[in-house]
Each structure stands twice: as C-alpha cells, then as structure tokens.
1. Going by the structure shown, is Ile162 at pLDDT below 95 and either over 14 Å from the mean Cα position of the chain (by Cα) or more than 15 Å from Pro46 (Cα to Cα) (or both)?
2. Looking at the stretch 67-94, which of its residues are among the charged types (D, E, K, R) and at pLDDT 95 or above?
3. Looking at the stretch 104-129 only, could you name the residues that are of a type in the set (S, T, N, Q) and either crowded, with 21+ Cβ neighbours inside 10 Å or at pLDDT 95 or above (or both)?
4. For the stretch 1-39, which residues satisfy the criterion of being under 19 Å from the mean Cα position of the chain (by Cα), surrounded by 13 or more Cβ atoms within 10 Å (Cβ to Cβ) and modelled with pLDDT of 90 or more?
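The values are calculated or read from the model by the stated rules, or taken from the named source; none is laboratory data. Predicted model only: the values in this text are computed from it and were never measured. So basically every Cβ, Gly included, is an ideal-geometry build from the backbone, and we count neighbours across all protein chains shown.
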Amino acid sequence: MRDSKDRVISPSSFLSPFCLFTDVATGLLRQGYGVRFYAKGWSMYPTIKDGEMITVEPVVPSQVKRGDILLHHNGRGVIAHRVVRIGRKKALLSTQNSVLGTFFILRGDASSTCDEPVEADQALGKVVSVEQNGRLIDLDSLKSIILYTARFLRSRLKRSIIRNILWMRSHLSNPEHTKVMSSIN
C-alpha cells in the first residue's frame, strides 16, 4: 500500500484504537489532566467490574500509598491494579553517591499473585472513583476503604481455611498418619 506521496505504508504503521487510547490517556495524565474511561477486564473485581466507568487523576509517585489503585503503562497498554507494597531500591552511582528509586508492587483484587514491579515513572495516575449502577463511588472514602479491607480479610481467611482442609485431608488419608492418630486416641 502506498500513501499520497508514493511512500510504502506497512499495516504495522496504522495505530489500533487501543494504542491510540493508550497514547492519548498517557499524554493527558502526564500533562496534569484527569481521564474517564470504561474499564476492561475482571482483574479488579469486585472493586471495579468490566465495563464500569473509572476516573483517573494524575499522581505524584511520592504521594502514592498502599491501597491506592494505580494506572500504569506496562509496554502492552495501561493497567489499573492496587498497590500492595512500596519499595525503594538503591542504585550505587559511586562509592560516595547513590540514588533511591521507588517501585510499586501491584495486584488485581481478583488475583492471588502480584504483578511485576512497576517503576515510579511508569505510574500514570490514581483511580479516584468508579461509577457503579449510576452512582459515583469515591475510592478514597472511608466506606470504600472498609469494604476493601473486609473483602481482603475474608479472602485471606477463606484461603487459609482451604489450605488447612487440604492439609488435613492429605495427612488423614495417609495410613502412617492414621496409625499415629489412632494410637493417640
């Protein structure tokens, strides 16, 4: 395919709508503007469901705290996941000079595993609200924080109970453990 100046155009030179969205959202957030868009995927369920409108505001990495939901660029697009840990790495420039780099460990609310570390310069913004059933939910409100904490604790308790049940089943089905248990009774 050729353009009006008879240059060859490859299919890879066309931007997909998703790439265009990523570029525009990244540009707006880096210039200090907030963005609103429909979230795709279920990784943040139940806080953010597929197709719900979210609002993202620019964020200064030094103001990010544990529990915030960060929108970051990962090379394939943008992802919004919750901050579970903030770390600092020390890069040695010389024996007298070193610099600290901040990174974030993120995880989707529906996931049991964390994402790869996200460097501070990859953070684009903070998800500040989600529209659910026509109502705007402020994610920094006390109610939202309590609900997230309750869901998180319930999830941890459920995982612990399942792990203990599986451990008990594996040990009680073992004949050697059954002999020991019967000799105790």
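1. Numbers: at pLDDT below 95: yes; either over 14 Å from the mean Cα position of the chain (by Cα) or more than 15 Å from Pro46 (Cα to Cα) (or both): yes.
Yes.
2. So in the stretch 67-94, the residues among the charged types (D, E, K, R) come out as 68, 76, 82, 85, 88-90.
Listed by number, the residues that qualify are Asp68, Arg82, Arg85.
3. Filtering the stretch 104-129 for residues of a type in the set (S, T, N, Q) gives 111-113, 122, 129.
Ser129 - this is the single residue of the stretch 104-129 that is of a type in the set (S, T, N, Q) and either crowded, with 21+ Cβ neighbours inside 10 Å or at pLDDT 95 or above (or both).
4. Ala25, Thr26, Leu29, Gly34, Val35, Phe37, Ala39 - these are the residues of the stretch 1-39 that are under 19 Å from the mean Cα position of the chain (by Cα), surrounded by 13 or more Cβ atoms within 10 Å (Cβ to Cβ) and modelled with pLDDT of 90 or more.
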